[in-house]
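Please read the structure below before turning to the comments.
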Amino acid sequence: MKKNRAMDEIKKHQYSVLLCFFFILSHFCLQFKPVLAQTSAVFACDTATNPSLKSFPFCDVSLGVSARVNDLVKRLTLQEKITMLVNTAGNVSRLGIPKYEWWSEALHGISYTGPGVKFNNIVPHATSFPQPILTSASFNETLFETIGKVVSTEGRAMYNVGQAGLTYWSPNVNIYRDPRWGRGQETAGEDPTLSSKYGVAYVKGLQQRDDGKKDMLKVASCCKHYTAYDIDDWKGIQRYNFNAKVTQQDLDDTFNPPFKSCVLDGNVASVMCSYNQVNGKPTCGDYDLLAGVIRGQWKLNGYIVTDCDSLNEMYWAQHYTKTPEETAALSLNAGLDLNCGSWLGKYTEGAVNQGLVNESVIDRAVSNNFATLMRLGFFDGNPKTQIYGNLGPKDVCTEDHQELAREAARQGIVLLKNTAGSLPLSPKSIKSLAVIGPNANLAYTMVGSYEGSPCKYTTPLDGLGASVSTVYQQGCDIACATAQVDNAKKVAAAADAVVLVMGSDQTIERESKDRFNITLPGQQALLVTEVASVSKGPVILVIMSGGGMDVKFAVDNPKVTSILWVGFPGEAGGAALADVIFGYYNPSGRLPMTWYPQSYVDKVDMTNMNMRADPKTGFPGRSYRFYKGPTVFNFGDGLSYTQYKHHLVKAPKFVSIPLEEGHACRSTKCKSIDAVNEQGCNNLGFDIHLKVQNVGKMRGSHTVLLFTSPPSVHNAPQKHLLDFQKIHLTPQSEGVVKFNLDVCKHLSVVDEVGNRKVALGLHVLHIGDLKHSLTLRI
């Protein structure tokens, strides 16, 4: 078991950061030496080389996907089918089918995590965008999708020269439930609306083709990890055997909406089930979750895949089944189609022979897998003759792609504190800038986890130094056991301004490593305080991290004049930071998660999956939607260098639901009505029009967040994000933002048993400081 886990960790490259930090003393730890490599794509139905393949209907592009898949499956032996149930799928030479590797990753760019991608001298790099937690802070759906389009273009280009696959197990749409979770950086934050919109947009960017063929795929995306997965390794409790005890209300209200949106709105090609159990059942063996919900209710058009070696963990760590064959049968019968790992390859035939699973179930699984490959054009012959056949190395790391990485970081950076006269700095008036901190000149920290080989790096020191003269002091390493305070104070005291780049890296928070504390590591806070005490000009604290930090000491310290959060900002993070600090770009990012005080994690057990506060036990709740307690910063916080005013132009005060005569709620007072089956609720909507004015002196993009506080029924959220938009305004100009709201969708809540209900009564809409009361009545 330990050996299996170790191999899993190595496969997923979870210790790559440590290896780079401790064994490679260079910013170029990802610059690989040239290696010999395959230079052409892997594909089936190569009729040009083997004309006899033309006789097979599954190679006939004029037929529909279903007919082609049915023909192919009928031609396979049981043993051949079983080789198609694992990520390193087998070849069937007699049918012209080569081996195919399903496991590739593209969380924020083409990644070398997983065996499907190889960087070499032909394509040595790919564009590395910010980690999703920072990209989501832009609240810009167009940006989410555009990044996906670039990533899929680079993926196709690498596929054409044999360096990548066509199936990418991204995005991660889990909810960032607890601030200690090491993988929060991979997500779009704590809010189900934002996470859903991010997931849908990124999936569309990856999958949608430019020829308008909706049933075909550019690359195949995968929304993971389904479901209620957000503990990796906390106080000895590991994801491999953790049983997430989740109420049906929280499951349907918080954890599942992003996955549902991926399938229904994004038409995602795959969903990955997670390691953990949910209410005593392993997700990859739960018929209700897989066949019942994903395939049955949501109608997934694609395949369901395990997280890597999940079936090993189900058997060895969870002891859920008695034999390996039972594990294989359980997962297949539950609706699983593909196993990342070798379990199904080893034990499926035995399960069939023991009568635990029918061959028809295996036919279903491989049919879903083949259908996905058909939609990708894998069975259409040489990709050079297809829509993306002209893509190649020239289409990777283009100037436009690299500029988009910089723009994504700029849009996500969040200004959290700004004393008058601090930011933006004037490059003309700053003769000497002290740049201090463990993350000021470490390129590798910027790209976070599930990284690839970036086109190039621009560190904060590089970016700032491009505009002004800088003096650099590291101050300490990231753990900061002993800060070099005196040296840092010396350069700070002599400088016109100071930028402190602090935070975390993958040794602090990552996959398989959750945090215990959410304060700045070691003596970082001491270093900040001491440096600020001797500085004669602005002191800008930059926090580079995946999760929020308790930096209340800096918020309250008047000598720390500005605070910026930059997430893990990708390859161009330093350039983007400089753009914001020097005012070349006006920040518009907003926090996608609550920043809690340390006292919160001291009190709250990470394994408590409840979202809602419980006054009886003193449990304070989770996320801005349910948490009732002090914060360092709130979800949606973010400042600008200009000022905006909101004026409500159009919004109803009353909305009536036309229920049929004789409806029970006409004679009896109801708190809510069914949001799914009520005929009067369907297609009932209204518009919100908001005038936004830029009353400041600087152009900028403004993030408009529309919240509602629903009536206090069914233990509803105290506040909930309905929608968001971006608007760009020049100084002293104005524009109108329009929201179209659907009563059943936007003004409904999930009740205690998981049913969606429209809450009757007073709803309060929030946009910034503006509030509007709306009464929903019969």
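Candidates M446, C222, C59 compared by Cα position along the dipole of the chain: farthest toward the positive end lies M446, with charges placed on Cβ. Kirkwood analysis of the Cα pair distances in region 621-778 returns a hydrodynamic radius of 17.2 Å. For L564, list long-range residues whose amide hydrogen, built 1.01 Å from N in the peptide plane, is under 5 Å from its own amide hydrogen. Residues meeting the criterion, in which the H sits 1.01 Å from N, are L416, L541, V542, I543. Each of D178, D46 has its accessible area taken with a 1.4 Å probe; listed largest first, they run D46, D178.
Count charges around F686 for me, please; just the other residues with Cβ under 14 Å from its Cβ, Lys/Arg as +1, Asp/Glu as -1. Net of charged neighbours comes to +2.
Here region 458-565 was treated as a single set of alpha-carbon atoms; its pair distances binned every 5 Å from 0 give 2, 12, 23, 25, 20, 11, 4, 2, 0 percent. Extension gain, N353-L762: 0.36 nm per intervening residue step, less the Cα-Cα distance, totals 141.1 nm. Exposure here means at most 14 other Cβ atoms within 10 Å; with GluC sites (Glu not before Pro) in a DSSP loop as sites, the longest stretch of the chain lacking them is 1-659. Per-residue ellipticity at 222 nm computed for the chain from its helices equals -7500 deg cm²/dmol, with DSSP H segments shorter than 4 residues left out and the rest contributing -39,500 (n - 2.57).
Computed as a quarter of the hull surface, the mean projected area of the alpha carbon convex hull for region 181-241 stands at 5.4 nm². The shape of region 152-217 comes out oblate: with a ≥ b ≥ c from the C-alpha gyration tensor, a/c is at least 1.5 while a/b does not beat b/c.
Between the residues N418, V528, F139, the greatest Cα displacement towards the positive end of the dipole of the chain, with unit charges on the Cβ of Lys, Arg, Asp and Glu, is found for N418. Given R0 = 41 Å, the distance between the Cβ atoms of N517 and K213 translates into a calculated FRET efficiency of 0.20. For the chain, the Cβ-based charge dipole about the Cα centre amounts to some 980 debye (Lys, Arg positive; Asp, Glu negative; other atoms uncharged).
Between the residues L373, T327, C308, the greatest Cα displacement towards the positive end of the dipole of region 292-373, with unit charges on the Cβ of Lys, Arg, Asp and Glu, is found for L373. Looking at the chain, the accessible area is 37 square angstrom per residue; that uses a 1.4 Å probe and ignores ligands, DNA and RNA. Placing dummy labels 7 Å off each Cα toward the beta-carbon, the span from N487 to I778 is 7.4 nm.
Computing FRET efficiency as 1/(1 + (r/R0)^6) for S55 and V753, where r is the C-beta to C-beta distance and R0 is 45 Å, gives about 0.20. Fully extending the segment from V676 to K691 would add 2.1 nm, taking 0.36 nm per residue of separation and subtracting the current Cα-Cα distance. Counting only Cβ charges, +1 for Lys and Arg and -1 for Asp and Glu, the dipole size of region 470-569 around its Cα centre is about 200 debye. The value obtained for region 253-360, namely the Cα convex hull volume divided by the number of residues, is 96 Å³ per residue. Under 19 Å from a point 7 Å along the Cα-to-Cβ line of S66: which residues of region 183-223 have their amide N that close? Those under the cut-off are 214-217. The magnitude of the dipole of region 124-202, with charges of +1 and -1 set on the Cβ of Lys/Arg and Asp/Glu and taken from the Cα centre, is near 140 debye.
Close amide H pairs (under 5 Å, H built 1.01 Å from N) link A244 with Q277, V278, N279, G280, residues at least 5 positions away or on another chain.
If the chain linking R75 and D602 were pulled fully straight, counting 0.36 nm for each residue of separation and taking away their Cα-Cα distance, it would gain 183.7 nm.
The rule of thumb for compact globular proteins, 2.2 N^0.38 Å, goes into the C-alpha radius of gyration of region 543-667 1.54 times.
If R0 is 56 Å, the Cβ-Cβ spacing of K456 and R666 corresponds to a FRET efficiency of close to 0.25. Within the straight-line cut-off of under 16 Å between alpha carbons, the lysines reachable from K650 are K691, K738, K771, sequence neighbours fewer than 8 places apart in one chain being disregarded. Note: the chain, Cα convex hull, 164 Å³ per residue. Computed from label points 7 Å out along Cα-Cβ, the spacing between K559 and D614 is 4.5 nm.
The modelled label-to-label distance for the pair Y584/V471, using points 7 Å beyond Cα in the direction of Cβ, is 2.5 nm.
The values are calculated or read from the model by the stated rules, or taken from the named source; none is laboratory data. Remember, it's a predicted structure, so these values are computed and weren't measured experimentally. FYI the Cβ positions are ideal-geometry reconstructions off the backbone, even for glycines, and counts take in every protein chain you see. These accessible areas exclude ligands, DNA and RNA; they are computed on the full protein's heavy atoms, side chains included. Shrake-Rupley method; radii C 1.70, N 1.55, O 1.52, S 1.80 Å.
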